[in-house]
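Q: Starting off with a structure, shown below.
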Amino acid sequence: MKKNMFGDKKKKLTDSERSLISETVSIEGTINSSGAIDVAGLIKGPVFSKEIIIRETGSITGSIEGDHVEIHGHLDGKVSGQDIVIGSTGTVKGDIEFGNNLRTENGADIDGYIKKTNKNKPTLTGDFLFKKKDKKDQPDNQEDRPEVVNKEALA
């Protein structure tokens, strides 16, 4: 069996693997993970992961969704999860939806509505997170462009 510099190609990624977005990193766009994400940097866009931890230096502008969510930094957007912890240094500016447990520590700052959802809500799976979009669902960029009119010719 041939191995490359990145290891065995047939090795299956496990859900226990963690990704770190460090303090020096800024990301704009949608983030999907079937494992865990630790955010110490800045994210602009929605985050979908099995486990999301926003560290004290971390900030997310956009909605987040995961089975287990911990916020010790800043979130400006809606959070949905089964088990959610808002730490003493955590700030949430947006609604919170939890299915199982919500814990807030002394000092947590929350500006939004809190709602308990149905316990039988399905958890996030790898298939859901990485499902490819059908090209037919995406609009053609040519059709979205506004029509250009020569204003001098109309005058």
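The values are calculated or read from the model by the stated rules, or taken from the named source; none is laboratory data. In this text the structure is predicted, and so the values were computed from the model without any measurement. Backbone-built Cβ (ideal geometry, glycine too); neighbour counts: all protein chains shown.
One line per residue, one yes/no per condition, for (1) modelled with pLDDT of 55 or more; (2) acidic (Asp, Glu); (3) over 14 Å from the mean Cα position of the chain (by Cα); (4) at positive phi:
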position: Gly58; (1), (2), (3), (4): yes, no, no, no
position: Glu105; (1), (2), (3), (4): yes, yes, yes, no
position: Lys121; (1), (2), (3), (4): no, no, yes, no
position: Val149; (1), (2), (3), (4): no, no, yes, no
position: Ala153; (1), (2), (3), (4): no, no, yes, no
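Q: What's the number of the condition Val79 fails, among (1) farther than 15 Å from Ser19 by Cβ; (2) modelled with pLDDT under 95?
A: Only one criterion is unmet by Val79, namely (2).
Q: Right, next: Take the residues of the range 107-116 that are surrounded by fewer than 17 Cβ atoms within 10 Å (Cβ to Cβ) and of a type in the set (Gly, Ala, Ser): which is farthest from the chain's Cα centre (by Cα)?
A: Gly107
Q: Given the structure, is Glu65 of a type outside the set (Gly, Ala, Ser), buried (at least 16 other Cβ atoms within 10 Å of the Cβ) and under 10 Å from the mean Cα position of the chain (by Cα)?
A: yes
Q: Next question, about the same structure. Working only within the range 82-107, note down all residues that are of a type in the set (Gly, Ala, Ser) and over 17 Å from Gly45 (Cα atoms).
A: Gly87, Ser88, Gly90, Gly99, Gly107, listed by residue number.
Q: Which numbered condition trips up Lys78, out of (1) basic (Lys, Arg); (2) over 23 Å from Ser34 (Cβ atoms); (3) under 18 Å from the mean Cα position of the chain (by Cα)?
A: That leaves (2) as the condition not met.
Q: Mind checking which residues of the range 32-53 are under 16 Å from His74 (Cβ atoms) and in a strand (DSSP E or B)?
A: Ile37, Asp38, Val39, Leu42, Ile43, Lys44, Val47, Ile52, Ile53
Q: List every residue pair whose Cβ atoms lie under 8 Å apart, where the two residues are 6 or more positions apart in sequence or sit on different chains, the first residue falls within the range 33-50 and is buried (at least 19 other Cβ atoms within 10 Å of the Cβ), and the second residue, located anywhere, is of a type in the set (Phe, Trp, Tyr) and in a strand (DSSP E or B).
A: Partner pairs satisfying both residue conditions: Ser33/Phe48.
Q: If I filter the range 88-106 down to residues being without any contact (Cβ under 8 Å) to a residue 24 or more places away in the chain and assigned to a loop (DSSP other than H, G, I, E, B), which single residue comes out as surrounded by the fewest Cβ atoms within 10 Å (Cβ to Cβ)?
A: Ranking the candidates gives Asn106 first.
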